[in-house]
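> So that we are looking at the same thing, I have put the structure below in structure tokens.
The values are calculated or read from the model by the stated rules, or taken from the named source; none is laboratory data. Because the structure is predicted, anything quoted here is derived from the model rather than measured. Here the Cβ positions follow ideal geometry from the backbone for every residue, glycine too, while neighbour counts run over all protein chains shown.
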Amino acid sequence: MPSELETAMESLIKVFHRYATKEGKTYGLSRGQLRQLMENELSNFLKSQKDPAAVDKIMKDLDSNCDGQVDFEEFVSLVVGLSIACEQCYQQEMKMGKK
Ligand SMILES: [Ca+2]
């Protein structure tokens, strides 16, 4: 039985591959694939972004080796960044006694 954290890691890998292999390619999300992933899997975050070019900006930020694709390592940095932001909100809510 995998632990909670192991399950979370597996989910990250599965979600990445679900979108990254859609157009026959295995590694790396194209801009369109990243958009699809964010629309389906990060819809709340995407809705909070008022800028319609948000995905393009995120793509540019993530693609640290500038090959026009977001590989798993680059994708994980997005998840880590968002997780850190969420954890800060969580801490705030804990302080205010909401949870
Ligand atoms: Ca890249």
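> How do the pairs read when you match residues in the range 69-80 that are under 12 Å from H17 (Cα atoms) and in contact (Cβ under 8 Å) with a residue 24 or more places away in the chain with residues anywhere that are among the aromatic types (F, W, Y) and more than 12 Å from the ligand (Cβ to nearest atom), using Cβ under 6 Å and keeping only pairs 6 or more apart or on different chains?
F72/F16; F75/F16
> Taking into account only those residues within the range 62-99 that are of a type in the set (S, T, N, Q) and in a loop (DSSP other than H, G, I, E, B), which is nearest to E10 (Cα to Cα)?
From the range 62-99, those of a type in the set (S, T, N, Q) are 64-65, 69, 77, 83, 88, 91-92; that's our starting set.
Restricting the remaining residues to those that are in a loop (DSSP other than H, G, I, E, B) gives 64-65, 69.
Values: S64: 24, N65: 25, Q69: 21 Å.
Filtering first and then ranking leaves Q69.
> Please go through the range 15-34 and pick out each residue that is modelled with pLDDT of 95 or more and basic (K, R).
None; the set is empty.
> Taking the range 62-86, which residues are surrounded by 15 or more Cβ atoms within 10 Å (Cβ to Cβ), within 10 Å of the ligand (Cβ to nearest atom) and either over 11 Å from the mean Cα position of the chain (by Cα) or of a type in the set (A, V, I, L, M) (or both)?
Scanning the range 62-86 gives L62, D63, Q69, V70, D71.
> Another question, if that's okay. So, of the residues in the range 26-61 that are under 19 Å from K14 (Cβ atoms) and among the aliphatic types (A, V, I, L, M), which turns out to be nearest to the ligand (Cβ to nearest atom)?
Per the criteria, the residue is L29.
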